[in-house]
1. How much FRET efficiency would the formula 1/(1 + (r/R0)^6) give for Val16 and Lys73, where r is the Cβ-Cβ distance and R0 is 22 Å, rounded to 0.05?
2. Give the order of Arg98, Arg53, Arg130 when sorted by the count of other beta carbons within 10 angstrom, beginning with the fewest.
3. Using a Gaussian network model of the chain with C-alpha springs under 10 Å, which one of Thr66, Thr195, Thr109 is most mobile by mean-square fluctuation?
4. In the chain, what is the volume of the convex hull around the alpha carbon atoms, normalised per residue and reported in Å³?
5. Once you order the gyration tensor axes a ≥ b ≥ c over the Cα atoms, which shape class does the stretch 60-104 get: rounded for a/c under 1.5, otherwise prolate or oblate by comparing a/b with b/c?
6. What distance in nm separates the two pseudo spin-label positions at Thr109 and Glu91, each 7 Å out from Cα along the beta-carbon direction?
7. Go through the stretch 132-211 and name the trypsin sites (Lys or Arg not before Pro) that are in a DSSP coil and have 15 or fewer other Cβ atoms within 10 Å of their Cβ.
8. Decide, for the stretch 7-120, between rounded, prolate and oblate: order the square roots of the alpha carbon gyration tensor eigenvalues as a ≥ b ≥ c, take rounded if a/c falls under 1.5, and otherwise choose prolate if a/b is larger than b/c, else oblate.
Amino acid sequence: MAELLDDNIKTQVKEVFQDLKNPVEIAFFGDSQDGCEYCDQTNELASQVASLREDLLTFHAYDLHTDHELAAKYKVDKAPGIVLLGKNGSESIDYGIRFSGIPAGHEFTSLINDILVVSSGDSGLTPQTREALAKLDKPVHLQVFVTPSCPYCPRAVVLAHQLALESPYIEAEMVESMEFAELAEKFNVSGVPHTIINDGKGEVVGAVPEAHLLEKILQALA
């Protein structure tokens, strides 16, 4: 398959990846049975990104059907799907950071930023947010609906993923709303970014500061 990343982008990403600290595993999930328009491209994109820093990044490709137990373990139910995992020796650490749909266009930035965050092992959130998240005792599922052409979406995606890294109770998923149009319709997503909290118990429209998103999460849990 043709290279999806040109030399200019590769050079930029390699430069950014000089800041990687700890190993990260990029786990891709495709779908061999139900026809998946962007699976091949997403597989190729993720493997090309991993190849830019082979000493710290590993790439594995799985299938929703043949690897259904692993997909269930990582709560991946859509393809193409990507899970970013921390590594502790041979053990994979699942922080609840997911991509449903190809991280193309502006969302490529989210993927690269998230790899840096996972590699650092530090969410980068404010002390106030960390303190509030430490008191969480109920599961939170964030679905950030995006389109590749939306310049504000990466901010919302990366913030949701930072929250997931910080708290074992939070899972955060980027959802490409054109690839998963039925799901976007279910939640009346008309503009992006649009974050759905716990299957519609709460929502946030737009890229908002972390304190605002946290407040909405706590309201949804109450």
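1. Values: r = 30 Å, r/R0 = 1.35.
About 0.15, to the nearest 0.05.
2. Working: Arg98 29, Arg53 18, Arg130 14.
Ascending Cβ contact count within 10 Å gives the list Arg130, Arg53, Arg98.
3. With Cα springs under 10 Å in the chain, the top fluctuation among Thr66, Thr195, Thr109 is at Thr66.
4. Value for the chain: 123 Å³ per residue.
5. Values: a/c = 1.96, a/b = 1.29, b/c = 1.52.
The shape class here is oblate.
6. 3.6 nm
7. On the way: sites: Lys135, Arg155, Lys186, Lys201; in loops: Lys135, Lys201.
Sparse-neighbourhood loop trypsin sites (Lys or Arg not before Pro): Lys135, Lys201.
8. Numbers: a/c = 2.05, a/b = 1.31, b/c = 1.56.
It is oblate, given that a/c is not under 1.5 and a/b is not larger than b/c.
Only the coordinates and a few stated rules stand behind these numbers; no lab work does. Note that this is a predicted model, so its numbers are computed, not measured. No Cβ is skipped: glycine too gets one built from the backbone with ideal geometry, and neighbour counts run over all protein chains shown.
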